[in-house]
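Take a look at the following structure, please.
The values are calculated or read from the model by the stated rules, or taken from the named source; none is laboratory data. This one's a predicted model, so the numbers in the text were calculated from it and none came from an experiment. Heads up, the Cβs are rebuilt from the backbone with ideal geometry, glycines too, and the neighbour counts pull from every protein chain shown. Note: accessible area is taken over every heavy atom of the protein model, side chains too, but ligands, DNA and RNA are not part of it. Shrake-Rupley method; radii C 1.70, N 1.55, O 1.52, S 1.80 Å.
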Amino acid sequence: MSRRKAEFGGRVGRTIARSESWWPPRPDPSRRPPNVVLILLDDMGFSDVGCFGSEIPTPTIDALADRGVRFTNFHVTPLCSPTRASLLTGLNHHRAGYGMVANGDPGVPNRRSAFPADAVTMPEVLRDAGYATLAVGKWHLTAEADMNDAGSREMWPCQVGFDRFYGFLEAFTTQHHPHRLVIDNSPIETDEYPDGYYLTDDLTDRAEKMLRGIRAADPGKPFFLYFAHAAVHGPLQAKPEDIARHRDRYRAGWDEIRAGRFARQLELGIFPPDTKLPHRNQEPGGDVPAWDELSDREREVFARMMSVYAAMIDSVEQSTARLVSTLEEMGELDDTVFVFLSDNGATAEGGAQGVLRYTKVSPLVEGPPEDLDIDLDELGGPRSFFHYARGWGMVGNTPFRLYKASTHEGGVRSPLIVSWPAGLSGEARGGIRDQFQYVTDLFPTLLDLLDLSVPERRGDEATLALDGASFAAALDDAAAPSTRPEQHEEILGHRSFYRGDWKSVTRHARMTPFEDDRWELYRLSGDPAETEDLAEKMPERVAELAAGWEDAARANEVFPLDEGTGLGQVLRDPAEARFAEDLTILPGTPTIERYRANSLIAFRSFTAEIRFDFDAGDAGVLLAHGGQSAGYVVY
C-alpha cells in the first residue's frame with residue numbers, strides 16, 4: 001500500500017490509500033520536462049521594449065532577459081502570417097504555404113493559406129511528447145472563406161496540434177469589443193461586452209485559467225503556451241489609465257525619442273559603439289519629415305497617438321507580469337522556457353499623418369491626410385479606430401531602415417529573448433548574442449532544448465525536413481557559430497539574400513519589371529542599420545548574392561512573384577462566389593462572420609429587404625451590417 005499526504009494552507013489534507021496493483025504510479029513533478037511559454041507580439045518594433053532600448057518601462061520583460069539571453073541579430077519574415085507559419089512548422093514561409101498573409105488561395109502553391117499535408121507542427125510534436133498544448137490570441141493562419149460557421153476547420157488551431165484555443169482567427173480585431181472570439185472550435189456569441197473590457201486582459205485571464213487547470217489536473221504534465229497578442233497591431237487602443245501614464249512622454253517628438261533609444265542601445269551593448277544611426281527614412285512612401293518641421297497641431301496629435309501605442313506595450317508588460325506571477329505561484333518559473341519575439345517590424349500603415357479609420361489602410365494606395373481636428377481624449381478608446389503616423393514606426397525599428405512588409409532590416413529584425421534559468425549556466429544569463437538566426441530556427445531549437453525530434457512520418461506521409469537549424473548551443477556559448485549561414489526572403493516583390501554576413505536587398509517598385517530592381521549591398525556585422533551601400537564598389541558580390549537568391553527561391557516555391565498588381569490578394573476560389581448570392585437571415589441567427597458578411601456587398605450594389613411585424617411603440621435595431629469603423633444600421 002502507498003500513502004500520500006498533502007498540505008493545503010497549513011492543514012493536512014486527506015490521506016488516500018490505493019492498491020499499487022491497479023492504481024497507476026503518480027507522476028513525479030520534479031522530473032517533469034520544462035514548460036514552454038512563447039509570447040509573440042504583432043507589429044512590434046525592434047526597440048519597443050526596455051531591454052532593447054525603449055523608454056517604455058517593461059521591467060518584467062527586462063527581467064526575462066536578465067535571466068536569459070537576448071538575440072540582437074534574429075530575423076523573421078516581413079509579415080505576420082508568414083512568420084507564424086515558419087515559427088510553427090520550421091519551414092520557409094513559401095514552402096509552408098504562406099507567401100503572403102492568410103486571406104485566400106489564389107491558386108498558387110506558395111499562397112494556399114494552409115500547411116502542406118506532410119508538414120509537422122510544433123504543437124503536434126509537443127503534444128505527442130506529452131505536453132498540454134494551449135493557444136491564446138491572434139491566429140491568422142486560416143483562409144477567410146474558412147472562418148465562418150460552415151467553413152473547413154482544417155487550419156483552425158485545434159486541428160494543427162493545439163488542445164485548447166481562445167482568441168480570434170483574423171488579422172486583427174478591436175481591444176475594447178472584439179468582433180468574433182473563438183473558444184476551441186466554436187465561435188462565441190457575444191452581444192455586449194462589460195464596461196472596461198480589454199482584450200489583452202481577457203486573453204491573459206484565459207491563459208492563466210488554462211495553466212491553473214492543467215496543473216490542478218496533473219502536476220506532472222508539462223505545457224506549451226503559445227500566446228500571440230493582438231497588440232500592438234492596429235487599431236491602436238488601450239485602457240485610459242495606461243494611456244494617462246504615457247500621455248506626455250512623446251511631446252519631444254520622434255527624432256529625439258529615436259536618438260535616445262539608439263543611445264541606450266549602445267549603452268546596453270546591443271550594437272557595437274561605432275554603429276551608425278541612419279538618417280530619417282527617405283524612401284518614397286516611407287519618408288518621414290523632421291519633427292521640428294511639423295505644425296503645432298500635428299505635433300500634438302502625433303504625440304498623443306504614440307502615447308496610446310506605448311500604453312499597448314505597457315499592457316503586454318502587465319500581461320507578462322501576470323504569467324510570470326502564476327508560474328512563480330506554481331513553483332515552475334525557473335524551469336519554464338520563455339520565448340519572446342515580434343512577428344515583423346513596426347509598421348508604416350498609418351501613412352505620413354496617421355489614419356483615424358484603420359480599415360482605410362490599403363496595400364496599394366495611400367489616402368489623403370486625415371483631418372487633424374479630432375478629440376484627442378478619444379484616441380485609444382472604444383470609439384477610436386486609428387493608427388499612428390509612420391514616424392513612430394521608424395522609431396520602433398531603431399536603428400533600422402524602413403518598416404513591416406519590407407525586406408530591409410526594419411521589416412525583418414525582431415527582438416528575441418530566450419529565458420530558461422534552470423537550463424542556462426549562470427555565466428550565460430543576461431548575455432547578448434549577435435549570431436544571425438531566422439524564425440525557422442526556433443522550432444528545432446526548442447526541440448533540441450527539450451530533447452525531442454520531428455517524427456519521420458505524419459500519417460501516411462513522410463514528414464518534410466525542417467528548413468531551420470537549432471541554435472541551442474548559442475544560449476550558453478556566445479562564441480558558438482551561427483547555424484544560419486544563408487537565408488532568402490521575399491514579400492510583395494521585395495527581396496533579400498543573406499550569406500556569411502553579407503546582405504543584398506532590393507525594394508521593388510510596384511507595377512515595374514523585376515529586372516529593373518536595383519540590389520543594394522551591406523555588411524551587417526559592421527553596418528547593421530544598412531547605412532553604407534557597397535553595391536557599386538562590389539558588383540561581383542552583388543551578382544553572387546542575387547544568383548544565390550534565385551537558387552533559393554526556386555528551391556523554396558517562392559515563384560511566381562507578386563509584381564504589385566494586388567491580383568494575388570483578390571483572386572479567390574470560384575466556390576466563394578456563393579457568398580455573394582441572396583441570403584435570408586432568420587430571427588435568432590447568430591452574428592455572421594466578417595468575411596461572409598462583407599462578401600454580400602463588396603464591390604457591388606446591393607439591396608437589403610427587411611420584413612417585420614410592427615406594433616405601436618416598438619423600437620430597436622432591424623439590421624446592423626459592419627463594425628466600429630464602417631457600416632450601416634437600420635433601426
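Can you find even one residue in the range 290-297 that is part of a helix (DSSP H, G or I), touching a Leu at 6+ places or on another chain (Cβ under 8 Å), farther than 24 Å from residue 231 by Cα and open to solvent by 10 Å² or more (accessible area, probe 1.4 Å)?
The first filter runs over the range 290-297 and keeps only residues part of a helix (DSSP H, G or I), leaving 291-293, 296-297.
Retained after the next criterion (residues that are touching a Leu at 6+ places or on another chain (Cβ under 8 Å)): 297.
Now drop any that are not farther than 24 Å from residue 231 by Cα, which leaves 297.
Imposing the further condition that a residue be open to solvent by 10 Å² or more (accessible area, probe 1.4 Å) reduces the set to 297.
Checked against the condition, which is being part of a helix (DSSP H, G or I), touching a Leu at 6+ places or on another chain (Cβ under 8 Å), farther than 24 Å from residue 231 by Cα and open to solvent by 10 Å² or more (accessible area, probe 1.4 Å), the range 290-297 yields at least one hit.
Go through the residues of the range 615-634 one by one and say whether even a single one is among the acidic types (Asp, Glu) and under 23 Å from residue 187 (Cα atoms).
Scanning the range 615-634, I find no residue that is among the acidic types (Asp, Glu) and under 23 Å from residue 187 (Cα atoms), so the answer is no.
Being β-branched (Val, Ile, Thr) and under 30 Å from residue 273 (Cβ atoms) is the requirement here; does residue 454 meet it?
Values: β-branched (Val, Ile, Thr): yes; under 30 Å from residue 273 (Cβ atoms): no.
Here the answer is no, as residue 454 does not meet what is asked.
Looking at (1) crowded, with 21+ Cβ neighbours inside 10 Å; (2) modelled with pLDDT under 95; (3) farther than 23 Å from residue 559 by Cα, which is the one condition that is false for residue 475?
The number of the failed condition is (2).
Just to be sure before I move on: is residue 396 at pLDDT below 95 and small (Gly, Ala, Ser) in the structure I sent?
no
From the list 313, 243, pick out the single residue that is out of contact with any helix residue (DSSP H, G or I) (no Cβ under 6 Å at 6 or more places or on another chain) and crowded, with 17+ Cβ neighbours inside 10 Å. Walk me through it before giving the result.
Working: 243 fails: out of contact with any helix residue (DSSP H, G or I) (no Cβ under 6 Å at 6 or more places or on another chain).
From the options 313, 243, the qualifying one is 313.
When you scan the range 537-635 for helices (runs of 4 or more DSSP H) that lie fully inside it, which ones turn up with 2 or more residues that are free of Cβ contacts under 8 Å to residues at least 40 places away in the same chain?
539-555, 594-598
Does residue 128 satisfy the criteria of being touching a residue at least 40 places away in the same chain (Cβ under 8 Å), farther than 16 Å from residue 487 by Cα, open to solvent by 10 Å² or more (accessible area, probe 1.4 Å) and touching a strand residue (DSSP E or B) at 6+ places or on another chain (Cβ under 6 Å)?
Answer is no for this residue.
Right, something else. Quick one: how many residues across the range 69-99 are open to solvent by less than 10 Å² (accessible area, probe 1.4 Å), charged (D, E, K, R) and more than 17 Å from residue 445 (Cβ to Cβ)?
0
Working carefully through the options 484, 495, find the one that is of a type in the set (Lys, Arg), outside any loop (DSSP other than H, G, I, E, B), in contact (Cβ under 8 Å) with a residue 12 or more places away in the chain and crowded, with 16+ Cβ neighbours inside 10 Å.
So the residue among 484, 495 that is of a type in the set (Lys, Arg), outside any loop (DSSP other than H, G, I, E, B), in contact (Cβ under 8 Å) with a residue 12 or more places away in the chain and crowded, with 16+ Cβ neighbours inside 10 Å is 495.
Now a separate question. Among the residues that make up the range 140-150, is at least one of them more than 30 Å from residue 550 (Cα to Cα), without any contact (Cβ under 8 Å) to a residue 12 or more places away in the chain and open to solvent by 10 Å² or more (accessible area, probe 1.4 Å)?
Yes, some residue in the range 140-150 is more than 30 Å from residue 550 (Cα to Cα), without any contact (Cβ under 8 Å) to a residue 12 or more places away in the chain and open to solvent by 10 Å² or more (accessible area, probe 1.4 Å).
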